[in-house]
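Derivation of every value follows stated rules applied to the coordinates shown; laboratory data play no part. These numbers come from a predicted model, not from an experiment. Here the Cβ positions follow ideal geometry from the backbone for every residue, glycine too, while neighbour counts run over all protein chains shown.
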Amino acid sequence: MRNNLAIYDDVADQWWSDDIRWVRTLKNLVPGRLAWMDRQLDWRDRDVLDLGCAGGFMAEALDDRGARVSGIDPAARAIAAADQHARAAGRAIDYTTGVGEALPYPDQGFDAVVCVDVLEHVQDLDQVLAEVHRVLRPGGCFVFDTINRNALARLATITVAEDILRLLPRGTHDPALFIKPAELRTALTGAGLEPGRFTGLGPRGINRRGDLTFGRLPLTAILYMGTAEKPLSPND
C-alpha cells in the first residue's frame with residue numbers, strides 16, 4: 001500500500017518519546033525547515049495554521065516563536081497526542097481533526113499557513129490550495145515543503161529512505177503524488193496565490209544518535225521548500 005497515512009495514528013502514543021527512528025527523523029526536519037522559513041516571515045503575534053500537523057512538532061516550534069497556532073490533521077490519534085502534549089506544557093494550541101480539502105475555519109482567519117510533508121499526500125491538490133487561499137488574510141503567507149517528481153527523488157525518498165535505511169515506513173509515499181516545482185507554481189497561481197522563492201531541503205549532517213539533521217540545500221531535485229502570498233485586495 002502506498003501513501004499509507006495510517007502510520008501517524010499507529011505511533012501516536014509514542015510520538016513524543018524519541019523511541020522511533022522515523023518519528024525522530026520528522027522531528028529533526030523541523031529546525032532545518034524553520035532556519036529558512038524564519039527568514040521569510042516573522043511569526044510573533046501571527047495567527048498561524050499548521051496544515052497536516054500530525055503529532056505537533058512544527059506546531060509547538062511555531063508556538064515557541066510567539067505565534068497563535070492552530071493545527072489540523074486527519075490522523076485523530078495523532079491529533080489527540082499533540083493536544084495532550086501541548087496541554088501538559090501549558091500551550092494554547094488549537095488542534096482539530098480534519099483534511100486540507102475542507103478546512104473548518106472561517107475565511108481570512110490566518111496570517112500564515114504552514115504545510116510541511118503534506119502536499120505529496122493529499123487527494124486533491126487544487127482543492128487544498130483553494131482552501132489555503134480562502135483561510136489566508138490578504139497579504140498572508142503560505143509556507144510549504146514537498147517532494148519533487150523525478151527518478152532521483154523516487155530513488156532517494158522511496159528506495160533509499162523507505163526500503164533501505166528505513167528512515168520512513170515502507171509505503172509512506174506514492175511517487176505518483178510527488179509534485180514538480182513548475183507544476184506547483186502553476187497550481188498556486190491557479191488558486192490565486194503568488195509563488196515566491198523555492199529552495200532545496202535535505203540532509204546536512206548526523207547527530208550524536210546517528211540520525212540525520214537537515215537544512216536548506218541549493219538544489220530542488222528531491223525535497224524543496226517554498227512560499228506563496230495571497231495578494232492584497234485593491235482597497236488594502
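Want the number for Arg134 to Thr213: 0.36 nm per residue separation, take away the alpha-carbon distance, what's left?
On the way: separation 79, 0.36 × 79 = 28.44 nm, distance 3.42 nm.
The span from Arg134 to Thr213 would gain 25.0 nm if fully extended.
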Note on the range 51-111: alpha-carbon gyration tensor, axes a ≥ b ≥ c; rule is a/c under 1.5 for rounded, else prolate if a/b larger than b/c, else oblate; result oblate
Take each of the peptides 114-121, 208-215, average the number of other beta-carbon atoms within 10 Å over its residues, and list them starting from the highest. 114-121, 208-215
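Going by how many other Cβ atoms sit within 10 Å of their own, how do Arg197, Arg77 line up, fewest first?
Going from sparsest to densest Cβ surroundings: Arg197, Arg77.
Quick one: Leu34, Leu103, Leu49, fewest Cβ neighbours within 10 Å first, how do they rank? Working shown, then result.
Numbers: Leu34 19, Leu103 22, Leu49 30.
By the 10 Å Cβ count, ascending, the order reads Leu34, Leu103, Leu49.
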Exposure proxy order (Cβ contacts within 10 Å, fewest to most) of Lys180, Lys230: Lys180, Lys230
Take every Cα pair under 8 Å in the range 129-205 that's 6+ residues apart, average their separations, divide by the length, and report that relative contact order as a whole percent. 34 percent
Give me the extension gain from Thr199 to Arg170: residue separation times 0.36 nm, minus the current Cα-Cα distance, reported in nm with one decimal. 7.8 nm
Once both labels are modelled 7 Å past Cα along the beta-carbon direction, what's the Val160-Asp94 spacing in nm? 4.1 nm
Measure of size requested: the Rg and Dmax of the chain, with Cα atoms as the atom set and Å as the unit; please supply both. 16.7, 55
